[in-house]
Amino acid sequence: MSFTLNSLPTRHIALLLAVAVITAACGGSGTGDSGGAASPAPSSDGGTPAPTPTPTPVANPVTDLLANAQEARYGGVLVLANRGDPPAGFDPMRTSSIALHHVGGGLFGPGNLVTRCRQNLYLPCPNLATSWFPNPGFTEWTFVIRNDVTWHDGAPFTAEDAKFWFDLAAFGAEAEGRSRAPAFFRGELGDIKSVEVLPFNQLRVSLRQPNPQYLAVLSNPRFKMAHPRHLMQPRIEEGEVSVAPIDVGLTGTGPFELDRYEPGSLLRLRRFDGYWEKDAAANLLPYLAGIDFVMMPTASVMDAAFRTGRLDGGARGEGHYLTVERKVGYDRDLGDRAFYAHIQGGIFRLGFNVLKEGPWQDVRVRQAISLWIDKQAAIPSALGGFGYLSPTLSLSNPFTNRAFVNWPRFNREALPERREEARTLMAAAGYNDGFSMGYLCRSRLVARCEFLQGQLAGLNIDLKLQVVDEGEWNRGRVSLDYDSQPGAHFTSPIPEGTESVFGRYAENPDAYSKHDDKLVDDFYRRLREARDQGLRVSVWRELEEYIIREQAYVVPIAGSIQVVGYRTYVKGLIIPPEDGHTHTDFATVWFDK
Amino acid sequence: MPTLLLASVVIFLIMRAVPGDVALVVLGGSGESTHDVEQIERVREELGLNDPLVVQYGDWVWSLVNGDFGGRSLESRESIASIVGRQFPVTLLLTFYAIILSVVVSIPLGVIAAKTQDRWPDYLIRAVSVAGQSVPTFVLALLVLLGLVVVIEWSPPIIYADPWDDPIRHARIVFLPTVVLAVGLGAALLRITRGAMLEVLGQDFIRTARSKGLGERVVLIRHGLRVALLPVLTVSGLQVGALLGGAVVLESIFGLPGIGRGMVQAVTSRDYPVVQALAMLIVFLVLAINFFTDVLYVFIDPRISYRS
Amino acid sequence: MSVEPGQRYLRRGAKAFIRLPVLRSAHVLRRKPLGAAGLAVMLALVVLALFADQIATHDPLGQDIDNRLRAPGSDFFFGTDSFGRDTFSRVVHGARVSLYVGVVSVAIAVAAGAVLGVASAYFGGKLDLLFQRFVDGLMAFPTLVLALVLAAALGAAANNVVLAIIIAVTPQTARLTRSSALSVRQEMYIDAAEAMGAQPWRVIVLHMLPNALTPVVVLMPVLLEQAIIAEAAMSFLGLGVPPPEPSWGRMLQEGTDGYLEAAPWLTYFPALALTLTVFSASMIGDALRDILDPRFASRSAFRPAEVGRVR
């Protein structure tokens, strides 16, 4: 079962992520028109026009915030599974593990100064800042900080706290001869020159490069402010530079505060009565009395607990997201007593280390591999049955080329011909008898590696799986000593943000494909300079075609749809169409039982 | 003591064979991050990874002695002493229950089997024992846990409770793992009990006891079982390792927050101070149980006395 | 002491070793039906492992997505998995993995243990004492715990599991060899050999070793059982044999973590294979012990005289 060739989603097709240009088309009726995105799809070189219905994920139940506010009741403790203990001392500057972010939304709040809107993640909404204004050159962004926010210990949250966070993330810290490195997302956070506190609780962030998309950047849910200045600064000054949220009692500004943490088994959060956010009817959030996160590293054990009513909702994280086969049991035991969130995850792909000697340096070999792989087949076997085909970004993303199914490398009907062509290309490159290639394989996602291994065997390519744990994976993928790899999971939902993974290795060590192609630089420069939305879309599509079709630096295989079960009495849950890190604060959730 | 010390050397040396860089693991956790070289060097310095091996070993052993257990978890930053304090009782209780359960069930069954040798109760008991011995603990655990969900739509509670806090929930959560864990040990004990009883029952002193007109029950238990228990004890001592090995996997499957599951988690996240400390603790537990069986020997065997 | 009786003793020592494995099979079959059944299963396994390529009906790694999750039937005896790989062929090849890990690790452990144990018994003194302490330390490790520690240090790989099992098992074999070597050392034919001026290594290898090995042979099936369970458990935890190599433990993990209801055959067949293997090893072990180790023999077992005095 896979979500291809079905109806279009009605709500998140044409939501554009842009600061000035807002072209939200909420509630547009679903037609078979594949050009549902903001600009017309470029015609494919196969000459086929694009009336083919495009693959879509199912639409999630959409929570109407006003109706939710009117019906919501207070009280109740939500019991959710969590994939495991959050790593790295719960520090969002050190890890973006979903095990942290699933619990982090409640503790640290839904976002940063700005956050992805609850009803539309492609738009930034105010969070810890009430308003903002850039200078004309987009190099200075000034934020007005909320006055009614307090940390869980009662200390007020001010522009000073925000400055502390920005400085820590962008520059790290130094004390007593020890130094703390900047956040892992420093590169994404923009090239920050300085951060100043202005009168009236305002904050100014000065950038070295203009960044018109800065709000979109800053609303990344991974940038959680989990670093209370009044608790952390004294400890940093004493030399404890690596102080993490766990060391200061997980004190955040989020809707829930820490009650008890037993690593390996339970994280108990209780309602923070001083939380600032109000619902549409001006009632204080959150509604729930608390959340119990139960650490459940084994998915089948989580399934057992959910099906027997011991959990109100499942965990987020690869391996725990439901598969078609596991959902059979859920449906049988719970029927309509459960519903399912469908969140588009990142794309499962194959990226080549072109900087390393090997047959994959030949573009014909890369193209042959891209043509050979039966991408549709990955969905049932490697992605648990819930998936979609897309070159790079999620399907509901406005920048996504919805005509890509007509790309010769993506449509399944032509598989025999494609494979014929692949063989020809391999022969032309002189690899009729195949070759052997390594593939860095995350132990957590073994099924995908096995799928690739099986696929490439048909092309006489012996894919050697190097199964690595998370630590080795983090080291390996930014190094040059591997042949091929899947790349990290999620790409930024705005095209500019993809440079860190599609750009040249010299500046982007985490690139999915290690290449030294200066043309790619040019594309990104043009993209950054394009202020007009239509132009951004068309530059992005050129770039995408160049990287994926022409050069085949990266072979996108299929995107996963992350399915999480919840009981139907769990109301007010806001499910993002993509990126399971988003909307994990559960502030609007209430119990109808 | 020397045994423990030697075990500590073994664990320590193995852990230093880590090919990857521990510092990277500390920094990385999991996710989408990249790291600077200087940062890695800093973490190495902080963890004392740049000290000579002997110094590192000395530090570690000293921390084991003074109850620090090697500092903190790299993963959760919790002090290992507190991890041990939280997790050790769970494993201790689980193994204790499993030992008690297997002894209480399998020794009487072994005696019955010996008494009814080559008749149907004997065959039945032996069949169960063979089956119990053959199914690996983790296979049984999975089939029982997932089977119960399908058949009676029941699963154990998911949030562990200590017996002194909530005895009922504690009982409901440890019930299944105890039974599964007891199966392997029980089957082995049963087999040994039966064999030993058969041997003993054929010996002269039993015949003498019977001829003196003593009741069958007295003969069986006071005279027969007492002697037969010696090999049973020997075997139990040998089985402790297997029992704890089983507990490691069982805790992971049933979500019991004991040192076994802690160990598996620490291994998967390469939380090496925790792996070291917990492995040490498991070795300690094996030795302690062995010591305990040695003491029991003295009570059961009239011929051995520590005074002599 | 004359040379004549010395040579006789020597011959007797060698004969005992040769006679030992060739137990009279008819007797075994009649007296130890469970042991015989175990032996039959083990032989079947060995055949599966050796001729896996011929017995398997499909390529164990060959994917056929159009035929994924097929129930057992005439095309796929044990059904297919999520990639359309044939479970029967994977179970057959899994026997190879299990036996490889089991046999290699036990063989090396027995060999190493034998050398260490006999040397320790022969030389005695400080060396022996040191050796004893070392063995004590290692004996306290449950195999699985040692395997876990090794996996944490070296990563997941079949050979790391083998190494862990060797480290965990060698002390047991060494301890046992040493104690039986000590009693063998008392035997006259050793004195005879020494009196004949044999080199120490010659005495050890030719005389002590074969005779001291009997109890280790009894232990071997039990060790094999331990090794196979340890490999399966480690692979089940994702720390053993890496994919795509079919290992029963990993197949069990895949089967139970997501397909127990939709495709139960993915769980049942590897579980059955593993259980049968453990059953066979443990039954062979029981039978061997009853036959070769009179102290544990029950009344219905062989009389020691029937087996012949081995020591």
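Screening the candidates C:Asp191, C:Asp257 for the property of being more than 14 Å from chain A (Cβ to nearest Cβ) and of a type outside the set (A, V, I, L, M) yields one hit, C:Asp191.
Before we move on, is A:Trp407 more than 23 Å from A:Leu121 (Cβ to Cβ) and modelled with pLDDT of 90 or more? So A:Trp407 does not fit the description; no. Residues that are assigned to a helix (DSSP H, G or I), of a type outside the set (Ser, Thr, Tyr) and buried (at least 22 other Cβ atoms within 10 Å of the Cβ) are absent from segment A:184-202. Filtered by the rule that a residue be within 12 Å of chain A (Cβ to nearest Cβ) and assigned to a helix (DSSP H, G or I), segment B:62-83 gives B:Ile80, B:Ser82, B:Ile83. Of the helices (runs of 4 or more DSSP H) that lie entirely inside segment A:411-523, those containing 3 or more residues that are more than 17 Å from A:Leu371 (Cα to Cα) span A:446-457, A:470-476, A:499-502. Residue check: is C:Glu225 touching a residue at least 24 places away in the same chain (Cβ under 8 Å), among the acidic types (Asp, Glu), within 21 Å of B:Leu185 (Cα to Cα) and within 14 Å of another protein chain (Cβ to nearest Cβ)? For C:Glu225, the condition - touching a residue at least 24 places away in the same chain (Cβ under 8 Å), among the acidic types (Asp, Glu), within 21 Å of B:Leu185 (Cα to Cα) and within 14 Å of another protein chain (Cβ to nearest Cβ) - is met. In segment C:127-147 there is at least one residue matching the filter, namely being modelled with pLDDT under 90, over 18 Å from the mean Cα position of the chain (by Cα) and small (Gly, Ala, Ser). Taken over segment A:499-537, the criterion of being away from chain B (no Cβ under 14 Å), crowded, with 17+ Cβ neighbours inside 10 Å, in contact (Cβ under 8 Å) with a residue 60 or more places away in the chain and among the small types (Gly, Ala, Ser) is satisfied by A:Ser513 alone.
Matching residues to (1) over 22 Å from C:Ala227 (Cα atoms); (2) of a type in the set (Gly, Ala, Ser); (3) buried (at least 24 other Cβ atoms within 10 Å of the Cβ); (4) away from chain C (no Cβ under 11 Å):
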residue: B:Gly245; (1), (2), (3), (4): no, yes, yes, no
residue: B:Glu251; (1), (2), (3), (4): no, no, yes, yes
residue: B:Gly255; (1), (2), (3), (4): yes, yes, yes, yes
residue: B:Arg261; (1), (2), (3), (4): no, no, yes, no
residue: B:Val267; (1), (2), (3), (4): no, no, yes, no
residue: B:Arg270; (1), (2), (3), (4): yes, no, yes, no
residue: B:Ile289; (1), (2), (3), (4): yes, no, no, no
residue: B:Phe299; (1), (2), (3), (4): yes, no, no, yes
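Here B:Leu109 meets each of (1) more than 10 Å from chain C (Cβ to nearest Cβ); (2) within 30 Å of C:Thr256 (Cα to Cα); (3) within 28 Å of the chain's Cα centre (by Cα) with one exception, condition (2). Would a scan of segment A:428-442 turn up a residue that is buried (at least 19 other Cβ atoms within 10 Å of the Cβ) and at the interface with another protein chain (Cβ under 7 Å from one of its Cβ atoms)? The answer is no; no qualifying residue exists. Against the numbered list (1) surrounded by fewer than 21 Cβ atoms within 10 Å (Cβ to Cβ); (2) closer than 14 Å to C:Gln226 by Cα, C:Val169 comes up short only at (1). Just for segment B:50-105: of the residues that are crowded, with 17+ Cβ neighbours inside 10 Å and hydroxyl-bearing (Ser, Thr, Tyr), which one is farthest from C:Ala152 (Cα to Cα)? Step by step, filter segment B:50-105, then rank; the result is B:Ser102.
The selection criterion, being surrounded by fewer than 18 Cβ atoms within 10 Å (Cβ to Cβ) and either in contact (Cβ under 8 Å) with a residue 40 or more places away in the chain or under 25 Å from the mean Cα position of the chain (by Cα) (or both), holds for A:Asn147. Remark: A:Ile557 matches the filter, which requires a residue to be in a strand (DSSP E or B) and either within 26 Å of A:Phe386 (Cα to Cα) or touching a strand residue (DSSP E or B) at 6+ places or on another chain (Cβ under 7 Å) (or both).
Screening C:Ala192 against (1) touching a residue at least 60 places away in the same chain (Cβ under 8 Å); (2) crowded, with 24+ Cβ neighbours inside 10 Å; (3) in a helix (DSSP H, G or I) leaves a single unmet condition, (2).
What do you reckon, is B:Gly186 of a type outside the set (A, V, I, L, M, F, W, C), more than 10 Å from every other protein chain (Cβ to nearest Cβ) and either within 27 Å of B:Phe88 (Cα to Cα) or surrounded by 23 or more Cβ atoms within 10 Å (Cβ to Cβ) (or both)? The answer is yes for B:Gly186. Name the single residue, out of those in segment C:215-268 being among the β-branched types (Val, Ile, Thr) and touching a Leu at 6+ places or on another chain (Cβ under 6 Å), that is nearest to C:Ser179 (Cα to Cα). Ranking the qualifying residues of segment C:215-268, first place goes to C:Val216.
Taking A:Gly290, is it in contact with a helix residue (DSSP H, G or I) (Cβ under 7 Å, 6 or more places away or on another chain), crowded, with 18+ Cβ neighbours inside 10 Å and either at pLDDT below 90 or not hydrophobic (A, V, I, L, M, F, W, C) (or both)? No; evaluated as a whole, the condition is false for this residue.
A Cβ distance below 6 Å, combined with a sequence gap of six or more or placement on separate chains, defines the contacts here; from segment C:66-77, residues that are touching a residue at least 40 places away in the same chain (Cβ under 8 Å) reach residues that are assigned to a loop (DSSP other than H, G, I, E, B) in the pairs C:Leu69/C:Ala263; C:Ala71/C:Gly79; C:Pro72/C:Phe78; C:Pro72/C:Gly79. What do you reckon, is A:Leu207 crowded, with 22+ Cβ neighbours inside 10 Å, closer than 26 Å to A:Leu123 by Cα, away from every other protein chain (no Cβ under 14 Å) and in contact with a strand residue (DSSP E or B) (Cβ under 7 Å, 6 or more places away or on another chain)? Considered against the rule, which asks whether it is crowded, with 22+ Cβ neighbours inside 10 Å, closer than 26 Å to A:Leu123 by Cα, away from every other protein chain (no Cβ under 14 Å) and in contact with a strand residue (DSSP E or B) (Cβ under 7 Å, 6 or more places away or on another chain), A:Leu207 comes out as no.
For segment B:156-171, which residues satisfy the criterion of being within 11 Å of chain A (Cβ to nearest Cβ) and surrounded by fewer than 22 Cβ atoms within 10 Å (Cβ to Cβ)?
Narrowing segment B:156-171 to residues within 11 Å of chain A (Cβ to nearest Cβ): B:156-162.
Residues satisfying the conditions are B:Pro157, B:Ile159, B:Ala161, B:Asp162.
Taking C:Val104, is it hydrophobic (A, V, I, L, M, F, W, C), in contact (Cβ under 8 Å) with a residue 40 or more places away in the chain, crowded, with 24+ Cβ neighbours inside 10 Å and in contact with a helix residue (DSSP H, G or I) (Cβ under 6 Å, 6 or more places away or on another chain)? For C:Val104, the condition - hydrophobic (A, V, I, L, M, F, W, C), in contact (Cβ under 8 Å) with a residue 40 or more places away in the chain, crowded, with 24+ Cβ neighbours inside 10 Å and in contact with a helix residue (DSSP H, G or I) (Cβ under 6 Å, 6 or more places away or on another chain) - is not met.
The values are calculated or read from the model by the stated rules, or taken from the named source; none is laboratory data. Keep in mind it's a predicted model, so treat the numbers as computed, not measured. Positions of Cβ are backbone-derived with ideal geometry, glycine not excepted, and every protein chain shown enters the neighbour counts.
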